[in-house]
Amino acid sequence: MHQHKTPRCCNPAKRYTPARTLLGALCLSVLVACGGGGSNTPTLSDPVPPVTVTPDPQPTPTPPLDSGAVYGKLRGASLGAGASLNGALPFPASNAWNTDISSAPTDPNSDALIASIGLTRGLHPDFGAGLYDGAPIGIPYVVVAGTQPKVAITFTDYGDESDPGPYPVPANAPIEGQLANGGAFGGDRHVLVIDRDANRLYEMGNAYPQPGSAWQASGGAVFHLDSDTVRPGGQAGWTSADAAGLPIFPGLVRYDEAASGVIRHALRFTVSITRRAYVPPATHWASSNTSANVPPMGMRVRLKSSFVIPAGFSTESKAILQSMKTYGMFVADNGSNWFVSGAPDDRWNNDKLVSELGSVKGASFEVVRMDGLVTP
């Protein structure tokens, strides 16, 4: 099995949080989640002009859960940065991301694994409205049509584990951490592009635009959104733009889904200590720790059935928490404990996200039984 050259973790410089944006008294120690990896900073075309994200004026509600969702067909998605998928879901209904695990067996070592993440620490939204340190809060994405020109991609650190280009990346694609004033910036610099017509997802980490519309990135991956063979070009042991080798976009909390009241897929979160192991659908580890009491990449947790979602919570928070009960969350990266990933959107209510999700502690979670664990 391929073993990664070095444990991949992360840019120590970041993490913007809605809590610190609005609640100055809350000071979290942030260990950054790195999916894109790498700390090299090439001489590239910074500063990057800021991208103006114009959300859909009214999010199209997703259909009720029992009416059937649109799985693996993205053609109904709107176009642009932060665009609504209009009820479409990446991957078939049978895919792990879309599987109801609310009654799946609990892992026999669940208590120790959850304790290693933190029993008394609350969830934290790593997404929100507005800016933190001059950049949008969360991991952005852009939806393009099949006519979007494909451009050359040069890979650096993880080229041997990357799906080769070209990729249909717009010159002004939003980059995670991109400053609104157009200044130079670092961080994970993820770029996520969905080709709605081809049902393909292109993800890069540590991405920099180059002259002539080309891009440079530490690594990249292409995911097939209409298939359970999620990454035909990938191999066991390979990373992606995410440390676990998973796609990032399917696990993001997005405003249009949360505001509809129903999120029909698993989410993505980070923990500070991971194991030198992974469990499918993850394909990669990023640690030298071999303790059985810390999470492997791809470990799935869920809110316990005994947890009662407060009726007074916002529609968005209730949808997020219900998705954690029904579909759970995957350990996707090294980072701050219980940080939940999402996309930036000016319609988020940061105060409610921080207070409501923060009231849900680690002790309310359990680990879904891990089958197929891969170790060195």
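The values are calculated or read from the model by the stated rules, or taken from the named source; none is laboratory data. Computed from a prediction, not measured in an experiment: that's the story for all the values here. With ideal geometry, Cβ positions are generated from the backbone for all residues, glycine too; neighbour counts draw on all protein chains shown. Protein only, heavy atoms only, side chains kept; ligands, DNA and RNA dropped before computing areas. Shrake-Rupley method; radii C 1.70, N 1.55, O 1.52, S 1.80 Å.
This table checks each residue for (1) open to solvent by less than 10 Å² (accessible area, probe 1.4 Å); (2) under 22 Å from Phe91 (Cα atoms); (3) over 16 Å from the mean Cα position of the chain (by Cα).
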| position | (1), (2), (3) |
| --- | --- |
| Ser227 | no, yes, yes |
| Gly237 | yes, yes, yes |
| Leu246 | yes, yes, no |
| Arg275 | no, no, yes |
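With respect to Asn337, is the statement that it is open to solvent by 10 Å² or more (accessible area, probe 1.4 Å), under 25 Å from Gly130 (Cα atoms) and either free of Cβ contacts under 8 Å to residues at least 40 places away in the same chain or touching a His at 6+ places or on another chain (Cβ under 9 Å) (or both) true?
yes
Among the residues of region 128-135, is there at least one that is open to solvent by less than 50 Å² (accessible area, probe 1.4 Å), under 16 Å from Ala83 (Cα atoms) and touching a residue at least 12 places away in the same chain (Cβ under 8 Å)?
yes
For region 79-109, which residues satisfy the criterion of being of a type in the set (Ser, Thr, Tyr) and out of contact with any helix residue (DSSP H, G or I) (no Cβ under 9 Å at 6 or more places or on another chain)?
Ser94, Thr99, Ser103, Thr106
Give, as residue ranges, the strands (runs of 3 or more DSSP E) completely inside region 302-376 that count at least 1 residues that are closer than 28 Å to Gly80 by Cα, at pLDDT 95 or above and out of contact with any Asp or Glu (no Cβ under 9 Å at 6 or more places or on another chain).
Answer list for region 302-376: 329-334.
Pairs only if they're at least six apart or on different chains, beta carbon under 7 angstrom, first in region 248-272 and closer than 13 Å to Gln322 by Cα and open to solvent by 10 Å² or more (accessible area, probe 1.4 Å), second assigned to a helix (DSSP H, G or I) and at pLDDT below 95; list them, first residue then second.
As it stands, the answer is Val262/Leu65, since those pairs meet every condition given.
Residues are listed down the side, and each one gets a yes or a no for (1) open to solvent by less than 50 Å² (accessible area, probe 1.4 Å); (2) of a type outside the set (Gly, Ala, Ser); (3) assigned to a strand (DSSP E or B):
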{"position": "Ser84", "(1), (2), (3)": "yes, no, no"}
{"position": "Asp100", "(1), (2), (3)": "no, yes, no"}
{"position": "Asp111", "(1), (2), (3)": "no, yes, no"}
{"position": "Ser116", "(1), (2), (3)": "yes, no, no"}
{"position": "Pro140", "(1), (2), (3)": "yes, yes, no"}
{"position": "Gly146", "(1), (2), (3)": "yes, no, no"}
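Does region 51-73 contain at least one residue that is modelled with pLDDT of 95 or more and in a loop (DSSP other than H, G, I, E, B)?
Scanning region 51-73 turns up at least one residue that is modelled with pLDDT of 95 or more and in a loop (DSSP other than H, G, I, E, B).
Taking region 206-217 on its own, how many of its residues are hydroxyl-bearing (Ser, Thr, Tyr) and either closer than 23 Å to Trp238 by Cα or assigned to a loop (DSSP other than H, G, I, E, B) (or both)?
So the count comes out to 1.
Among the residues of region 165-205, write down those that are open to solvent by 30 Å² or more (accessible area, probe 1.4 Å), assigned to a loop (DSSP other than H, G, I, E, B) and either aromatic (Phe, Trp, Tyr) or free of Cβ contacts under 8 Å to residues at least 60 places away in the same chain (or both).
Selection gives Gly165, Pro166, Ala171, Ala198.
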